[in-house]
Amino acid sequence: MHRLARTGGTAELLRWLAGRAEGWAGIVGPDGTVLHAAARTAGAMVPDVAGLVAESANALAERGVQAYSVDTGEHTALLFPLGGFPLSVFPQGVFPQGVGDPAVPVLAVVTPRPMAAGLSTLLADVVLPLSLCLQAEILERKRRRVDLAESRGREAVLHLLMTGQLSIAQQVAGALRPRLPDPVRVCVVECSGDDRDEVARVCVDADGGRSWIVRCPVYARHLILVMPAEDAEDTEDAGDAEDAREKAPEPGAAPTDETVAARVGDCVVGVSEPVPLADTATGYRQAFHALAVARELPTRHARFGVSPDPALVVGPAGRRWADELLNPLLTHVQRRAQDPGSQELLATATSWLAFSSHATDHLKVHRNTLAARLRLIGDLLGLNLHRLADQAALDLALRVRATPAPACTPEVPSSAPPVPHVSGTSTAVDGLDAILCRPAVRDWADQQLAPVLGAEETLRTWLRCEGRLGPAAAELGISVPGARKRLTRLETVLQRSLLRPPSARYDLWLALRSRDLAAARQ
């Protein structure tokens, strides 16, 4: 009996009781509602067992006794209250609609006559382990709901940070611990199998619980850590300061990301540069690119190399271009209350550009809803979002909008000839071409492409084929696995993720476009 309670829980205990009684066993409310049940065989079921149990349970509740039995001629029903167990502790939704608030659940057994010798004593003995087992299961369900609620809350805070809604994210995070640090490093940990919870515990232990840990809603094997950029951080009051001192790692201790990579033998870790909390989305992209590099390293750990964001070098002209491109989206007013507004569409565009089809997991929407929103975004902006060129233009515009204006490189007067038009490009890309010809942008492009200069055929072909492996492999005259291996090697050389979103393909397309425009003007 106790072994079954430990290994199989309520279900196994009831199944064992039904076998010993050669009939039916279940847990019911005093009003007769069956909560859990088991029968030895289908033939052992008593006609109208629910009615018999309900009638007996009502009689037990009315009389307030510790046990009750009723004979029908062919069967005997035995009922024992699971004492000291208020039914009100059951979570909402366990009971069917219309169930009241009875005092305690009841163990009910229906057995054929004549009743087996010792069955009553056996049932009295099983009340305690069954009660404890049932309480443990209820508490476990509650714990899982609390864990799920906290996980969803942390995921919501991360989503707000990724979409630039910093003040709301801090308000929501105020009810959870730890407080959001600023500045931060973003760390992406890729786990193996289903051990993400165990790796999360290792992360908490490694940094004393100072990092904001989120289970990635897009990649089931990823953990996202928003870590303090420095070991020491300012606190608002003495209580927080004391708490920070208690949790701070030992002086000279290895950084959290390196510790996790060393302690978890099969995980891979990528870490961003220090970024302001408001730039968490940039930090995540950097960490994801570092993760692609770390997969090819024996240490399974990499930090993002120094590389400026293209939004920082487009200058005031680029900011004006981005504002003009995004204006129809920013000023969009939905016709119906249930239609997505401008902020929702902006969040959708940002998520889709970062995660592609996985944006349905990130946004928690159906794929048809995502497709409808993308059609609306494309119509508003005059873009064909199936083309890589238009995707790159929209991605840059959104990043420029999220970058503080003073951070942009100042405008440099230029007497260069007009930018040549390239057939097949949209109006948005034509407007972008003038921005890509700025000296600061050309310098940025040279820095991006320096590792692959002279060996960029695979990269160009892949981007020309809209980032699709199959057409790129056919054009290169190699197999799809061969094309994938080439791009994997390019990921290591460029220190950027190419095959999995968030991908560096937008930046690389912009860099190649800038170099091609410069060559066309010479």
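The values are calculated or read from the model by the stated rules, or taken from the named source; none is laboratory data. Not measured: the values here are computed from a predicted model. A quick note on method: Cβ atoms are made from the backbone with ideal geometry, for glycine too, and the neighbour counts reach across all protein chains shown. Surface accessibility is based on the protein's heavy atoms, side chains included, excluding ligands, DNA and RNA. Shrake-Rupley method; radii C 1.70, N 1.55, O 1.52, S 1.80 Å.
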Residues that are open to solvent by less than 60 Å² (accessible area, probe 1.4 Å) and touching a strand residue (DSSP E or B) at 6+ places or on another chain (Cβ under 6 Å), drawn from the range 295-354: Arg300, His301, Ala302
Restricting the range 159-211 to residues that are modelled with pLDDT under 85 and closer than 14 Å to Tyr284 by Cβ, the one surrounded by the fewest Cβ atoms within 10 Å (Cβ to Cβ) turns out to be Gly164
Look at Pro276 and say whether it is exposed (fewer than 13 other Cβ atoms within 10 Å of the Cβ) and either of a type in the set (Lys, Arg) or modelled with pLDDT of 50 or more (or both). no
For Val268, indicate whether it is of a type in the set (A, V, I, L, M, F, W, C), modelled with pLDDT of 85 or more and surrounded by 24 or more Cβ atoms within 10 Å (Cβ to Cβ). yes
Would you mention how many residues in the range 214-224 are open to solvent by 10 Å² or more (accessible area, probe 1.4 Å) and part of a strand (DSSP E or B)? 1
Criterion first (within 30 Å of Ile27 (Cβ to Cβ), exposed (fewer than 15 other Cβ atoms within 10 Å of the Cβ) and over 15 Å from the mean Cα position of the chain (by Cα)) does Val127 satisfy it? no
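How many residues does the range 199-213 hold that are in contact (Cβ under 8 Å) with a residue 60 or more places away in the chain and either acidic (Asp, Glu) or not in a helix (DSSP H, G or I) (or both)?
Residues that pass the stated criteria total 0.
Quick one: in the range 336-380, of everything that is among the small types (Gly, Ala, Ser) and over 23 Å from the mean Cα position of the chain (by Cα), which residue is farthest from Ala392 (Cα to Cα)? I'd like the intermediate steps shown before the answer.
Narrowing the range 336-380 to residues among the small types (Gly, Ala, Ser): 337, 341-342, 347, 349, 351, 354, 356-357, 359, 371-372, 378.
Still in the running and over 23 Å from the mean Cα position of the chain (by Cα): 337, 341-342, 378.
Values: Ala337: 31, Gly341: 23, Ser342: 20, Gly378: 13 Å.
Filtering first and then ranking leaves Ala337.
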Conditions: (1) touching an Asp or Glu at 6+ places or on another chain (Cβ under 9 Å); (2) closer than 30 Å to Gly51 by Cα; (3) surrounded by 16 or more Cβ atoms within 10 Å (Cβ to Cβ); (4) hydrophobic (A, V, I, L, M, F, W, C). Ala116 meets all but one. Number of the miss? (3)
Given the conditions (1) at pLDDT below 70; (2) in contact with a helix residue (DSSP H, G or I) (Cβ under 6 Å, 6 or more places away or on another chain); (3) among the aliphatic types (A, V, I, L, M), which single one is not true for Ala77? (1)
Among the numbered conditions (1) closer than 20 Å to Arg15 by Cα; (2) modelled with pLDDT under 85, tell me where Pro96 comes up short. (1)
Quick check: anything in the range 130-147 touching a residue at least 40 places away in the same chain (Cβ under 8 Å), under 26 Å from Pro501 (Cα atoms) and open to solvent by less than 50 Å² (accessible area, probe 1.4 Å)? no
Residues of the range 373-385 being small (Gly, Ala, Ser) and surrounded by 14 or more Cβ atoms within 10 Å (Cβ to Cβ), in sequence order, are Gly378
